[in-house]
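Beneath this line is the structure, given in structure tokens, with notes to follow.
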Number of protein chains: 2
Amino acid sequence: MDRPQILVTNDDGIFAPGIKALIEVAKEIGDAYVVAPDKPQSGQGHAITITSPIRLKKVKQFDGVESYACSGTPVDCVKLAKNVLFPDHDFDICVSGINHGSNAAINIIYSGTMSAAMEASIDRINAIGFSLLDYSQEADFSASQDYAKKLIEQMLANTSKGKGLLLNVNIPKLPLSYIKGTKICKQGAGNWVENYQEGSDPRGGKYYWLDGKFVNKELDEASDLWALKNGYVSIVPSMHDLTDYSVMEQIDYFEI
Amino acid sequence: MDRPQILVTNDDGIFAPGIKALIEVAKEIGDAYVVAPDKPQSGQGHAITITSPIRLKKVKQFDGVESYACSGTPVDCVKLAKNVLFPDHDFDICVSGINHGSNAAINIIYSGTMSAAMEASIDRINAIGFSLLDYSQEADFSASQDYAKKLIEQMLANTSKGKGLLLNVNIPKLPLSYIKGTKICKQGAGNWVENYQEGSDPRGGKYYWLDGKFVNKELDEASDLWALKNGYVSIVPSMHDLTDYSVMEQIDYFEI
């Protein structure tokens, strides 16, 4: 079998420890190609750069791996990989991360890591976004690497190429021996409670800075939040069809 | 009955003709409050501003309507409206737009207009995003205003407050008398084919600038793309649960 062709990206930027950990895994499995933001891009969601030009810079920090730093968003990285850098390349899989911090539950909506993976899946490339529930720059990615390797191998072996399957994988902050395994889940129902910091800049201008905390009210054992709280790696198959089919029949009063 | 309390936002910015058209409609129906980006923010998706402060500036261009220009993204606008500007305010509805250009099909993913409306719906405020299939600054919003008024009135009259219903409404570029009515649809399956413009800046640095065209391969009469092509206003009930429940049973090979 030819070596699997693996596109690697993230949202924490090309200098984040998490992408280094993921590239190490990708290199063991196949040929890795990296296009990642040149700076942190957390919370960029599915943003794309329309009104300004984007720069690409070849970087050499990953031995033997063709790598580019991109001035745009995580989704821009995937679009440029497909259209500019590797237009004739037939990627078997796109992996994004390993994100520093959770992308479980509603976080998928805000996550550049998951949006980059989704962009690949829109183009029918099977894709996985990996996130470790640890924001620290010194986070231990070894258990995440172990699961990333197994899950990428499963996808390459068992998911039809070109299906565009998208997985949101979150890994609890636990040593490998404490993790109970993986669990296929639905997106949990927690939410953020915002708390904006108000302040004044050196010239007296008022500003607001987003802070907040995630409130996990989820009791459903089928959810990713439950799985993570109980020591499992959560896997949520995700999609870009946002239609709420369940309410279609109930809203005929909008037919005018 | 008390006058409905209406939060208005958009992604084209507070100076765009489309938001002016929507505020006119909102003022006829109830009390309007405006928080919108201080510059165009198309394609921002569900991006939020984390790593820098956000500014708010009270503006006076809309007679009798409390209005703020926000330096952040469309989603930031909604978060600041709820948490900083109007924390004790119980909005009946959030309306976003009227967007200059289509947000049908996959465009919902990239759209700041729809992400702002979605952010309100995450907080259980019923919300509608309106988009006119005309990018021009001189677009005629009169037919869009007519439908916006009717649909906002329907939502206020018939959707339970606090349900968090989210509608993606697109209006074809047609005079009112040519529009056949509304149609409740599913998100269509068209996609973008990108074509990056390559160029050199004044100092010789290479850049890439996103261009592309939308390819509508949709034949399904249940889709928004079909409805719009056939002269209907499309209404797609949308949601932020991205779980693909349809594949959950098929991917047990990821359980390890």
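The values are calculated or read from the model by the stated rules, or taken from the named source; none is laboratory data. A quick note: this is a predicted structure, and the numbers were derived from the prediction, not measured. In this analysis, Cβ positions are derived from the backbone assuming ideal geometry, glycine residues included, and neighbour counts consider all displayed protein chains.
Some values worked out for this structure:
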read-out: Of all residues making up region A:215-250, the number that are in contact with a helix residue (DSSP H, G or I) (Cβ under 8 Å, 6 or more places away or on another chain), of a type in the set (A, V, I, L, M, F, W, C) and either modelled with pLDDT under 95 or under 28 Å from residue B:154 (Cβ atoms) (or both); value: 2
read-out: Any chance residue B:166 is within 9 Å of chain A (Cβ to nearest Cβ), in contact with a His (Cβ under 9 Å, 6 or more places away or on another chain) and crowded, with 17+ Cβ neighbours inside 10 Å; value: yes
read-out: Residue ID - nearest to residue A:164 (Cα to Cα), chosen from residues in region A:213-241 that are among the hydrophobic types (A, V, I, L, M, F, W, C) and surrounded by fewer than 22 Cβ atoms within 10 Å (Cβ to Cβ); value: A:239
read-out: Meets criteria (within 14 Å of another protein chain (Cβ to nearest Cβ) and in contact with a strand residue (DSSP E or B) (Cβ under 6 Å, 6 or more places away or on another chain)) for residue B:35; value: yes
read-out: Count of region B:96-110 residues which are within 14 Å of another protein chain (Cβ to nearest Cβ) and either farther than 20 Å from residue B:194 by Cα or part of a strand (DSSP E or B) (or both); value: 2
read-out: Filtered residue count, region B:72-91, keeping only those that are in contact with a Phe, Trp or Tyr (Cβ under 7 Å, 6 or more places away or on another chain) and part of a loop (DSSP other than H, G, I, E, B); value: 1
read-out: Test: residue in region A:55-71 that is crowded, with 20+ Cβ neighbours inside 10 Å, in a helix (DSSP H, G or I) and touching a strand residue (DSSP E or B) at 6+ places or on another chain (Cβ under 7 Å); value: no
read-out: Single residue of A:112, A:101, A:97 found to be in contact with a Ser or Thr (Cβ under 7 Å, 6 or more places away or on another chain) and within 25 Å of residue A:220 (Cα to Cα); value: A:101
read-out: Which numbered condition residue A:28 fails, given (1) assigned to a helix (DSSP H, G or I); (2) within 15 Å of residue A:97 (Cα to Cα); value: (2)
read-out: Conditions (1) buried (at least 24 other Cβ atoms within 10 Å of the Cβ); (2) aliphatic (A, V, I, L, M); (3) in contact (Cβ under 8 Å) with a residue 60 or more places away in the chain; number of the one not met by residue A:36; value: (3)
read-out: Among (1) acidic (Asp, Glu); (2) within 30 Å of residue B:141 (Cβ to Cβ); (3) at the interface with chain A (Cβ under 7 Å from one of its Cβ atoms), the one test that residue B:241 misses; value: (2)
read-out: Long-range neighbours under 6 Å by Cβ, at least six apart or interchain, first residue under 13 Å from residue B:111 (Cβ atoms) and more than 7 Å from chain A (Cβ to nearest Cβ) within region B:39-59, second modelled with pLDDT of 95 or more and not in a strand (DSSP E or B); value: B:41/B:11; B:41/B:73; B:41/B:74; B:41/B:112
read-out: Criterion (farther than 21 Å from residue A:25 by Cβ, within 20 Å of the chain's Cα centre (by Cα) and acidic (Asp, Glu)) met by exactly one of A:224, A:220; value: A:224
read-out: Number of positions in region B:185-202 that are among the small types (Gly, Ala, Ser) and buried (at least 18 other Cβ atoms within 10 Å of the Cβ); value: 2
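Matching residues to (1) under 27 Å from residue A:72 (Cα atoms); (2) in contact with a His (Cβ under 7 Å, 6 or more places away or on another chain); (3) assigned to a loop (DSSP other than H, G, I, E, B); (4) within 9 Å of another protein chain (Cβ to nearest Cβ):
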| site | (1), (2), (3), (4) |
| --- | --- |
| B:154 | no, no, no, yes |
| B:170 | no, no, no, no |
| B:174 | no, no, yes, no |
| B:177 | no, no, no, no |
| B:180 | no, no, yes, no |
| B:203 | yes, no, yes, no |
